[in-house]
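Here is the structure we will look at, set down as structure tokens.
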Amino acid sequence: MSEDKKSDNGIKWCITGGILLAAAVIGAWFFSKVQINVVNDAKGFDGDSVKSVFCESDVQERFFSDEEILELCREVRKTSEKIKLNIMIYAGRIPMNDSYVKEFADSCYDKTYGEDTDGLFYYLDMTGKKPAFDYVSTSGRAVLYYEKAREDIFYELDNYLPSSSDVQMYGYERYRKDIKAAVLRFLECLEYFAENYKESSYYYKGAATGKYVFSVNGTLYVTASRPPIQKFYLMLAGLVFGVIVSLVVSYVIKAKYRFISPLSSDVYVPEDGLALEQNDVFIREYTTKHYNPPASSSGGGSGHGHSGGGTHGGGGHHR
């Protein structure tokens, strides 16, 4: 085979492989977008912003007055109505270890607003322990809004909230205005990140439930089904692997196979010509027919299970 012909064949193989690979990518992306028989646990936001509150631990000596709590509740509810999320800001006055704070935040949110609804619980540590441990628990759409922005919000609040060392030295009363300003700044941060959220392929997997939180075409999913981007990668890997194997096998077979030029039909004809004689001989005087009934077929189905439990994002921050 000439070098030019080998070069042409190589180019053809590259073009064929490129077309197949492009088709694999497009096909994988298309089918990954199709959500079929997905059990979606997302409950959304019921529109009742009155349930969003600022509250304090039930202790004998309260830090905030009734007027201050009502004022902060009004601000919380304004934000809740604006960004369509349940919001609870809880000023903790009873010391708890860090791991229990997380359980408390998740559980308190679910009991108040329901599992897998859209919202968050902010635990503001005012126990006086060192170091203080603030925590945000997110649910539903709030997971996508704030999971990546959570640390930025905490660091922003550090500009307002007193450190645990300052609290132990001077007490909380000295920082009353700063704490109220921190709550208002927290609400501003919630508005900012919610209003600037753009849907993407990002997803979150709950550690406790194993469920995924993601959004497709504006619809929020909280489900055990894999998100589209994971399906895309899995299908793409399988398709690309299949294309590569097919190309390699085809190339190997073609390289080892030796093409033989077809013989002329003249070699089968005697030099003195071909003489045909007609002589019909019947070996049987009857024919037999058999009836073959169509094969029967049967079908089956499969089921799926579902377990309850709210899926939460979030995390804590020491100060």
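The values are calculated or read from the model by the stated rules, or taken from the named source; none is laboratory data. Computed from a predicted model, the values in this text were never measured in an experiment. Cβ: placed from backbone, ideal geometry, glycine included. Neighbour counts: every protein chain shown. These accessible areas exclude ligands, DNA and RNA; they are computed on the full protein's heavy atoms, side chains included. Shrake-Rupley method; radii C 1.70, N 1.55, O 1.52, S 1.80 Å.
Against the criterion of solvent-accessible heavy-atom surface with a 1.4 angstrom probe, Asp125, Asp158 sort, most first, into Asp158, Asp125. Cα centroid distance between the stretch 112-172 and the stretch 185-214, in Å? A separation of 15 Å, based on Cα centres.
Filter Lys82/Lys130; Lys84/Lys205; Lys180/Lys211; Lys43/Lys130 down to the pairs with a C-alpha to C-alpha distance above 31 Å, please. Those over the limit are Lys82/Lys130; Lys180/Lys211; Lys43/Lys130. Think of each Lys and Arg Cβ as +1 and each Asp and Glu Cβ as -1; about the Cα centre, that makes the dipole of the stretch 42-188 roughly 160 debye. With the simple model of a label 7 Å out from the Cα in the direction of the Cβ, Glu61 to Ala207 spans 3.6 nm.
Quick check for me: using +1 on Lys/Arg Cβ and -1 on Asp/Glu Cβ, what's the dipole size of the stretch 120-175 about its Cα centre, in debye to the nearest 20?
Values: 6 positive and 9 negative charges, 32 e Å.
So the dipole magnitude of the stretch 120-175 works out to roughly 160 debye.
Computed from label points 7 Å out along Cα-Cβ, the spacing between Glu199 and Asn217 is 0.8 nm. Accessible area of Glu81 (1.4 Å probe, protein heavy atoms only, ligands and nucleic acids ignored): about 110 Å².
Per residue, the stretch 38-138 exposes 46 Å² of accessible surface when a 1.4 Å probe is rolled over the protein heavy atoms with every protein chain present.
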